[in-house]
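**Student:** Right, I'll just put the structure down here and ask away after.
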Amino acid sequence: MKKKLSILIHSLAAGGAERVVSILLHELNDKYHITLFLLNDTIFYDIPKNIKIVYLDNSLETESGIQKLLKLPLLAWKYKKLNDSEISLSFMYRPNYINILARMMTMASKVIISERAMPSLQHKNGLQGFVNKILIKTLYKKADIITANSLGNSQDLKVNFDCNNIITINNPFDINKIQRLKQENIEFRDEQFTFITVGRLDSGKNHKLLIEAMKSIDAKLYVIGDGKLRKEIEEQIIDNNLQNNIILLGMQQNPYKYLAQADCFMFSSLNEGFPNVLVEALACGLPIISTDCESGPREILAPSSNMNFKLQNGIEICTYGVLTPINSIDNLTQAMNLLINDQKLRNSYKEKAIQRAMEFNTSIVMKQIIHTIENA
């Protein structure tokens, strides 16, 4: 008989954790009776038609931190009442709190939580950050299992939050599906060298650094994604007279058809958990330039290097891409000019890209996920 599995996440809006949940729903659908619990009714990703969806709340982006905090015990009680699964799997910090609090209210399910970002960096500022760090340190260790999607996140939870029951499981990717989708025909570029990036338009993704770098680069940059900083980024592009060089494509249901036609992928984040877009870019055969932020890029592009080392100056030509220090315009432009001018290096990265991406294929990662669920 199939076990009952509940999956709790804020929503299925466009995002990395949400994409992972959509993959899990498809991959685990035949093995478990799944109920998807959401705190918001936004659904961007395709999910199987037979998945039962329960809305615990319809929380808004405009809710204050105090409102969110006060609602936690109420949502946990509601979740405990509605959830009859044997295993409860949650993603991201607020659903994780709800999952653990429900367990403390005598919910019968085994509790697995999934941390998707480096908590000490994600929650480093202000009163809200302080409260979240206390909640993580207090609650996370009460879960049966914590999964973290990168070695950096696992280390952060161990060192800074006294968590020990942690398993590192990288995000799964349907590489064959990406390969199919990238074949979709589209003409969006000219003969000029083309950089491309994908990500929310927010401060953490640091698109402003890319725009500053483009002031001295003879190329085009296409940006896929949307977010609260769109207007600000548009104004920065206009102020620097880069309207013909930087094109905002907005959200795209199929970003891979754009990635496949670009020359190089750019990534400028200040901090990450496990940046899905780097693996997706590899699956599309792209050379990559990425900031060496605290967690993720080094693990993907330089897997045999010291994960605790962080580049402070210069550029690092790694096995599967080029790393630059965070927030360094000079080093970023150096890397961009290198990839523009060195066709041999670009070709070398293209040849190895898909091979590296396949190491994160769903067939490999799902074995780890199922083993974790079964042994909770």
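The values are calculated or read from the model by the stated rules, or taken from the named source; none is laboratory data. Keep in mind it's a predicted model, so treat the numbers as computed, not measured. Ideal geometry is used to build each Cβ from the backbone, glycine not excepted, and the neighbour counts take in all protein chains shown. To get the accessible areas, we keep the full protein, side chains included, count just its heavy atoms, and leave off ligands, DNA and RNA. Shrake-Rupley method; radii C 1.70, N 1.55, O 1.52, S 1.80 Å.
**Student:** Spin-label point model (7 Å from Cα, Cβ direction): what's the Ile134 to Asn308 distance in nm?
**Tutor:** 3.1 nm
**Student:** Here is a follow-up. Express in nm, to one decimal, how much length is gained between Lys352 and Asn29 on full extension, taking 0.36 nm for each residue of separation and deducting their alpha carbon distance.
**Tutor:** Numbers: separation 323, 0.36 × 323 = 116.28 nm, distance 3.26 nm.
Here the segment from Lys352 to Asn29 would lengthen by 113.0 nm.
**Student:** Mind pulling the angle between the C-alpha long axis of helix 16-28 and the longest principal axis of the chain? Nearest 10 degrees, somewhere in 0 to 90.
**Tutor:** Result, in degrees: 60.
**Student:** Placing +1 on the Cβ of each Lys and Arg and -1 on the Cβ of each Asp and Glu in the stretch 138-231, which of Ile217, Leu229, Ile186 has its Cα farthest towards the positive end of the resulting dipole?
**Tutor:** Leu229
**Student:** A further question follows. Taking the Cα atoms of the stretch 214-342, what is the range of coordinates along each of the three principal axes, in descending order and whole Å?
**Tutor:** 40, 31, 31
**Student:** Continuing with the same structure: Report, please, the projected area of the chain averaged over directions, based on the convex hull of its C-alpha atoms, in nm². Please list the in-between numbers first.
**Tutor:** Numbers: hull surface 72.3 nm².
Taking a quarter of the hull surface, the average projection is 18.1 nm².
**Student:** Which residues does a label at Asn176 reach in the stretch 330-374, if reach means a backbone N under 17 Å from a point 7 Å past the Cα toward the Cβ?
**Tutor:** Counting backbone N atoms under 17 Å from the label point, the list is 355, 357-367.
**Student:** Please calculate how many Å² of accessible area the chain carries per residue, with a 1.4 Å probe and no DNA, RNA or ligand atoms counted. Please list the in-between numbers first.
**Tutor:** On the way: 16580 Å² over 376 residues.
With the other protein chains kept in place, the chain gives 44 Å² per residue.
**Student:** Mind ranking Ser328, Ser150 by accessible surface for me, highest first, 1.4 Å probe?
**Tutor:** Numbers: Ser328 25, Ser150 0 Å².
Descending accessible area places them as Ser328, Ser150.
**Student:** Another question, then. Stokes-Einstein diffusion coefficient for the stretch 261-326 at 37 °C in a medium of 0.692 mPa s, Rh from the Kirkwood formula over Cα pairs: what value in µm²/s? Don't skip to the end; give the middle numbers.
**Tutor:** On the way: Rh = 11.6 Å.
It comes out at roughly 282 µm²/s.
**Student:** Taking the dipole about the Cα centre of the chain, with the C-beta of Lys and Arg at +1 and of Asp and Glu at -1, give me whichever of Tyr93, Met1, Ile134 is farthest to the positive side.
**Tutor:** So the residue furthest toward the plus end is Met1.
**Student:** Give me the percent of the accessible area of the chain that comes from carbon and sulfur atoms, probe 1.4 Å, all protein chains in place. Before the final figure, lay out each step's value.
**Tutor:** Numbers: 8150 of 16580 Å².
The computed percentage sits at 49.
**Student:** Let me ask another. From Cα pairs below 8 angstrom and at least 6 apart in sequence, can you work out the relative contact order of the stretch 1-147, rounded to a whole percent?
**Tutor:** Values: 242 pairs, mean separation 32.9, N = 147.
Relative contact order of the stretch 1-147: 22 percent.
**Student:** Under 16 Å from the 7 Å Cα→Cβ point of Lys3, by amide nitrogen: which residues of the stretch 102-117?
**Tutor:** Output list for this probe position: 108-114.
**Student:** Determine which residues of the stretch 167-210 fall in the zone a paramagnetic label at Asp330 would reach in this model, i.e. backbone nitrogen under 19 Å from the point 7 Å along Cα→Cβ.
**Tutor:** 209-210
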